[in-house]
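The values are calculated or read from the model by the stated rules, or taken from the named source; none is laboratory data. Remember, predicted model here, so these are calculated numbers, not experimental data. Glycine gets a Cβ as well: all are built from the backbone with ideal geometry, and neighbour counts include every protein chain shown. The accessibility values were calculated without ligands, DNA or RNA, using every heavy atom of the protein model including side chains. Shrake-Rupley method; radii C 1.70, N 1.55, O 1.52, S 1.80 Å.
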Amino acid sequence: MSLPPTGQTVLVTGTASDSHTWNLVYLQLFVEELGYRVVNLGPCVTDDLLAEACRVHRPDLVVISSVNGHGYRDGLSAVTRLRRGPGRSDIPVVIGGKLGVLGERSPEAAARLLAAGCDAVFDDADLDALREFLTRPAAGARTAHRHAGSTV
Amino acid sequence: MSAPQSFGRFVARAAAGGGLVVQPRMGFGTPRLMRAGLERVRAAAGSTAGTLTIDSYTRVGDLAAAGAALAEGAALNGYPIATHPPAVTRELLDGITAADFPVQVRHGSSRPEPIIRALAAAGLDATEGGPVSYCLPYGRTPLRESVDNWARGCELLAELVPAPRTPHLETFGGCMLGQLCPPGLLVALSVLEGLFFAEHGIGELSLSYAQQTDAGQDAEAVRALRRLAAELLPPRVEWHVVLYTYMGVYPGTRAGADRLLEASARLAVRSGARRLIVKTAAEAHRIPTVAENVRALEIAAAAAALTEPPAAGDESADSEVYLEARAFVGAVLDGGGPVGTALRTAFARGWLDVPYCLHPDNAGRSRSVIDPTGRLRWSRTGSMPLAPVRRSGRVPELTADGLLAAVHAVARRYDHVA
Ligand code: B12
């Protein structure tokens with residue numbers, strides 16, 4: 001069942017080294033059914049391409065998905081570029097999927113992602129948590145505010 | 001005196017002795033672990049071939065990231081063959097590669113030149129690829145560029161692996177996105193990529209097909225692939241068919257994973273495939289360990305040994321899969337000209353259209369379903385040269401739950417057998 005339109009845009013993207021797309025096709029449908037407009041950047045999105053897409057589409061949220069096992073590393077590079085690189089942006093960013101090669105969450109790597117400016121790090125089974133993140137009131141505004149405070 | 005060794009002749013010799021060659025999809029970042037893995041694969045029970053599966057950074061051509069990850073000690077999802085110096089790779093293979101244990105490089109790069117140079121420099125002859133299949137499922141490279149890169153890649157492999165060595169290339173066209181692509185299109189793509197390789201100077205090939213949802217339909221597909229290859233490849237080209245154990249979402253339980261692996265080994269023997277690339281019980285979760293790879297190889301080899309090979313003579317049936325694959329191949333080759341150009345035209349016009357593929361050079365108007373009997377079928381044919389689908393009612397709208405149910409159908413069936 002789909003929820004009514006929120007009027008907000010979510011950018012769904014793969015990471016620079018990850019070619020998997022079924023995750024992206026799935027997440028697009030999942031997020032659309034929650035009432036968002038989705039821009040799906042597809043696989044193998046370099047850090048610069050992601051930053052440029054954020055500038056062009058001005059999304060309310062970026063959802064990064066990676067399943068190839070390089071997600072912690074590639075995600076860190078993407079978020080760092082987004083928060084610190086040219087045209088730095090405070091758009092909320094969440095990441096999830098199969099982020100490492102060991103099949104289990106790495107608390108240290110997740111902490112590095114959060115420290116670099118990720119608003120949430122999800123595991124591959126955390127779809128309910130993502131749904132909650134997307135449906136709680138004014139999620140975007142609140143996370144953006146948090147970052148406005150931390151980028152000084 | 002025996003003929004010089006090659007990947008294809010190794011497989012042919014195993015087949016003559018009644019054995020199916022089994023091979024892993026194994027790859028690790030460090031030479032030490034990679035060598036340990038190959039040693040164990042070589043020693044495994046069964047007729048095994050070795051694999052170097054290459055990491056994602058090297059696949060997308062980001063050699064700087066591969067180098068940086070190694071320097072950080074980060075775990076990679078494969079072996080960075082273009083980053084470790086050739087001497088390191090030669091040393092890791094020393095005493096391992098032999099006439100009775102060839103090693104193949106499997107990657108997934110639409111820009112294969114550095115990988116081909118590195119494997120040839122390390123003394124290896126066999127790899128995998130395809131202008132379409134190493135492009136559409138693997139990123140954003142335009143198809144036009146991938147076709148050019150792979151034309152040059154074939155010629156480079158032929159040049160860097162001179163006689164008496166034999167360059168060997170396997171198509172990935174029989175797999176594409178791993179799931180939900182009806183077999184007729186997979187068979188056609190595998191044959192077309194084989195023709196492309198032959199046109200660009202490769203004389204020894206393997207043609208792939210990946211297990212799908214129904215054993216009967218899959219057996220038709222492997223036979224159709226063998227028949228079309230025999231009909232269309234130049235007689236001077238040596239080839240065999242390689243089956244991939246299921247390439248979509250894999251069963252999550254060990255019992256389910258093992259059952260699906262065994263089913264693929266039986267399918268390989270019954271349909272006349274000569275080699276099987278296995279999946280492990282870790283597939284649904286993470287990169288498998290060496291031990292998990294060896295276990296999968298031995299399970300597959302044992303299941304194959306207990307299966308009767310096909311009786312000769314039933315190869316020429318005009319099955320549904322054969323007719324569909326022939327329609328695709330015919331439509332692509334009809335206009336004449338080089339196979340690479342014909343493939344580009346066919347994708348641009350939507351004659352070939354891979355379902356659920358996001359790549360901008362794929363038309364994206366086709367759709368597939370698993371029918372009530374378990375066979376994979378078209379539910380929308382777009383501009384493909386197929387009879388339009390007869391249907392009672394509308395094709396249901398694609399939903400997140402619907403997609404998840406479709407990609408998990410095989411896993412669910414094998415996980416839940418009592
Ligand atoms: C199909 C497949 C492929 C196809 C992909 C085609 C394509 N264009 O998509 C092909 C065969 C080409 C392929 C290639 C490779 N693959 Co692959 N692939 C798979 C496979 C079998 C199924 C993936 C799938 O379709 N899932 C269905 C979708 C809908 O689900 P999902 O991707 O799992 O995502 C779910 C969750 O993770 C979660 N999720 C995902 N993103 C996000 C984001 C957020 C915010 C949240 C909350 C949740 C979330 O939600 C989704 C729905 O449940 C998996 C193993 C498996 N699962 O059985 C391996 C797998 C993902 N592949 C893997 C690897 C390593 C590769 C390769 C690097 C080859 C290699 N070395 O083995 C290359 C990729 C090259 C590259 N440059 O990246 C590994 C990753 C290992 C790891 N993370 O530890 C896996 C797990 C297999 C394995 N065990 O080795 N692959």
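Values as computed for the structure displayed
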quantity: Whichever residue in the stretch A:8-53 is more than 15 Å from the ligand (Cβ to nearest atom) and among the charged types (D, E, K, R) and, among such residues, is least open to solvent (accessible area, probe 1.4 Å); calculated: A:D47
quantity: When residues of the stretch A:101-118 are limited to those that are over 16 Å from the mean Cα position of the chain (by Cα) and small (G, A, S), the one farthest from the ligand (Cβ to nearest atom); calculated: A:S106
quantity: Residue within the stretch B:328-344 that is closer than 24 Å to A:L27 by Cα, open to solvent by 80 Å² or more (accessible area, probe 1.4 Å) and in contact with a helix residue (DSSP H, G or I) (Cβ under 8 Å, 6 or more places away or on another chain) present; calculated: no
quantity: Residue match in the stretch B:182-197 (condition: modelled with pLDDT of 95 or more and surrounded by fewer than 21 Cβ atoms within 10 Å (Cβ to Cβ)); calculated: no
quantity: From the options B:A120, B:A65, residue that is more than 18 Å from B:E193 (Cα to Cα), of a type in the set (G, A, S), in contact with a helix residue (DSSP H, G or I) (Cβ under 7 Å, 6 or more places away or on another chain) and within 16 Å of the ligand (Cβ to nearest atom); calculated: B:A65
quantity: Answer residue from the stretch B:396-418, given it is among the charged types (D, E, K, R) and over 18 Å from B:A257 (Cα atoms) and is farthest from the ligand (Cβ to nearest atom) among those; calculated: B:E397
quantity: Tally, over the stretch B:17-43, of residues that are open to solvent by 10 Å² or more (accessible area, probe 1.4 Å) and either in contact with a strand residue (DSSP E or B) (Cβ under 9 Å, 6 or more places away or on another chain) or under 18 Å from B:T245 (Cβ atoms) (or both); calculated: 6
quantity: A:R83, sole failed condition from (1) more than 10 Å from the ligand (Cβ to nearest atom); (2) in contact (Cβ under 8 Å) with a residue 60 or more places away in the chain; (3) more than 28 Å from B:A71 (Cβ to Cβ); calculated: (3)
quantity: Within the stretch A:70-82, tally of residues that are away from chain B (no Cβ under 11 Å) and open to solvent by less than 20 Å² (accessible area, probe 1.4 Å); calculated: 4
quantity: Residues of the stretch B:387-416 that turn out to be at pLDDT 95 or above, open to solvent by less than 60 Å² (accessible area, probe 1.4 Å) and more than 14 Å from every other protein chain (Cβ to nearest Cβ), as a count; calculated: 2
quantity: Members of the stretch B:150-193 found to be closer than 18 Å to B:L228 by Cβ and within 14 Å of chain A (Cβ to nearest Cβ), listed by number; calculated: B:F172, B:C175, B:M176, B:C181
quantity: Candidates A:V94, A:V67 - the one that is at pLDDT 95 or above, of a type in the set (V, I, T) and open to solvent by 20 Å² or more (accessible area, probe 1.4 Å); calculated: A:V67
quantity: Criterion (touching a residue at least 12 places away in the same chain (Cβ under 8 Å) and within 16 Å of the ligand (Cβ to nearest atom)) met by exactly one of B:T141, B:T166; calculated: B:T141
quantity: Residue among B:T58, B:T48, B:T89, B:T83 that is at negative phi, open to solvent by less than 20 Å² (accessible area, probe 1.4 Å) and within 16 Å of the ligand (Cβ to nearest atom); calculated: B:T58
quantity: Test: residue in the stretch B:280-289 that is buried (at least 21 other Cβ atoms within 10 Å of the Cβ), under 25 Å from B:V369 (Cα atoms) and out of contact with any Cys (no Cβ under 9 Å at 6 or more places or on another chain); calculated: yes
